[in-house]
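What follows is a single structure, written as structure tokens, with notes after it.
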Amino acid sequence: MIPAPAAGALDAAEEAVDLLLEAGRAPGDILVFTTGDQHPWAAHELSFGNAAYWAQHDARDDVFFADAAAVERASARPVVVVAVNGGDDDAAARALPAALARASALLIVCGDPQRINSVLGVGV
């Protein structure tokens, strides 16, 4: 858990990814979900079409950024980072357990701990 306000959750997630890469994680090992606005990379790549965007996911050559609404479509990776950067509570409540199921080694959640606890009904 990396505490951050919703407006700073995406920045916190990007910093976590940078640290993971610096520590030797392969870029293809990392999947990042956003619960609010999409990461700028995802928005840009989606402009080339859905098929090309998901082909990059399937290639597993780089860090992949996706909207949390697509969590069910994403395959497992060793590291999953979730930026709770907005969106409604129901979306976050669905995304967090699904992200955990896709993280084979490490789940990192960036966001407001109070909101995350409230959404999940537990203490993290």
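For the stretch 63-124 and the stretch 20-58, write down the distance between their C-alpha centroids in whole Å.
What the calculation gives is 15 Å, centre to centre.
Here are some values of Cα extents along the principal axes in Å: (1) 74, 40, 21; (2) 42, 40, 25; (3) 36, 31, 24. Which one was computed from this structure?
Here the calculated entry is (3).
Length gain on complete extension for the stretch Asp88 to Ser118, per 0.36 nm per residue less the alpha carbon to alpha carbon distance?
9.6 nm
Any read-out appearing in this document is the output of simple, stated calculations on the displayed coordinates, not a laboratory observation. Predicted model, so just to flag it, every value in this text is computed and none were measured.
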